[in-house]
Amino acid sequence: MPRIHSLAVLLALGLAAGCKAQPAPPPSVTPQAVVQGLPQLDLNRRIEVMVRSQFNLPQDMSLTIGARKPSQIPGYDTLPITLGHGPKQSVIDFLISADSKTLAHLDTFSLDKDPLFSIDIAGRPIRGNPAAKVTVINFDDLECPYCARMHQTLFPDTLARYKDKVRYIYKDDPLVEIHPWALRAAVDANCLAQQSPDVYWTYVDYLHAHGQDVNGENRDPAKSFAALDRIARQQGTLGKVNAALLDACLAKQDGTQVQASMTEAEGLKIEGTPALFVNGERIDGALPEAQVWLVIDRALRAEGVEPPQTPSEAAPVQPSGAGK
């Protein structure tokens, strides 16, 4: 079971902290406003992502970072963070080091070295705008039905909503203990990616829409493997990739790249798929698109980009002749 810190736990911690008599604070520690040269806005974004991720906050919970002030702990300032859910709000005091590199609240989180902000995406196929300021990274299992549901949320609706504002990158995390053909599917997909990112995406689209066809009636792994290779060759032919190179890659079945991605997922404490990271902010499981969009909107605003309006936010259409 994953470690989950609920809102109730956070509120209880905040109440406990607020009920203790506080000694007179020592002289103020002069805060540093940057982490390794990061401006204050970027630091605040890292703090928000870290708190949301580590405490698994609901996507629709608001989070406001207050002004730091002296604490009774040498080398640390108090950083009040206000959590809101509907009309209810609670202020919880965190600690932040004087050099702005460490955030603490019973646990400590590294703001400059956490793997949330350094997921390896080198060479991965990109869908969307390669230069977009917001990146959605999805640790995906091509045999996972929940991953298929998330894939359908991202494509086409989310892609169409954000257009060139967001880019999408998939990483491999096949759950080999329960999904017998997921590893082979990931290797085959990467064989296509070596020659054509576009064909990679058509293969991923196909598998997430036709997983039952790959399973077959008898769920025979050997037949599933053959089906995966056949589909890869079909997509390769349509995409005009080099057939000889593709056949050699499919025959070799080199899982080195997939294993590296699985190891990275383990380091990120991913215990199931899908697992999304939106500029570092984590989403576990196949959530409704509205919840996913809340996270993407938040990341866009942090980058100074205004998210697209939802239909309910758009200005109402005036009746014919109105306003004249």
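Readers should treat all values here as calculations from the given coordinates under stated rules, not as data from a laboratory. Treat the numbers as computed from the prediction; the structure is a model and nothing was measured. Reconstructed Cβ throughout: ideal geometry from the backbone, glycine too, with neighbour counts over all protein chains shown.
Summary of values
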| item | result |
| --- | --- |
| In nm, spacing of pseudo-spin labels at ASP93 and THR64 (7 Å Cα→C-beta vector) | 1.9 nm |
| Likely footprinting exposure, ARG127, ARG161, fewest C-beta neighbours within 10 Å first | ARG161, ARG127 |
| Point-to-point label distance, PHE117-GLU271, nm (Cα→Cβ direction, 7 Å offset) | 2.6 nm |
| Taking PHE117, PHE109 and counting other C-beta atoms within 10 Å, the order from fewest to most | PHE117, PHE109 |
| Rounded, prolate or oblate (a/c below 1.5 giving rounded, otherwise prolate when a/b exceeds b/c) for region 39-122 by Cα gyration tensor | oblate |
| For peptides 219-232, 140-153, 62-75, sequence by mean Cβ density within 10 Å, most packed first | 140-153, 219-232, 62-75 |
| Fewest-first ranking of ARG282, ARG184, using other Cβ atoms within 10 Å as the exposure measure | ARG282, ARG184 |
| Label-reachable residues, region 175-193, where backbone N falls under 15 Å from a point 7 Å from GLN259's Cα toward its Cβ | 176, 183-184, 187 |
| Full-stretch length increase - ARG301, LEU238 - with 0.36 nm per residue and alpha-carbon distance subtracted | 18.7 nm |
| 4 °C / 1.567 mPa s Stokes-Einstein diffusion coefficient of region 126-302, Kirkwood radius on C-alpha pairs, µm²/s | 78 µm²/s |
| Residue-span extension gain [ILE73 to ALA209] - 0.36 nm each, minus C-alpha spacing | 43.5 nm |
| Those lysines that a straight Cα-Cα span of less than 30 Å connects to LYS240, excepting residues fewer than 8 apart in one chain | LYS163, LYS165, LYS171, LYS223, LYS252 |
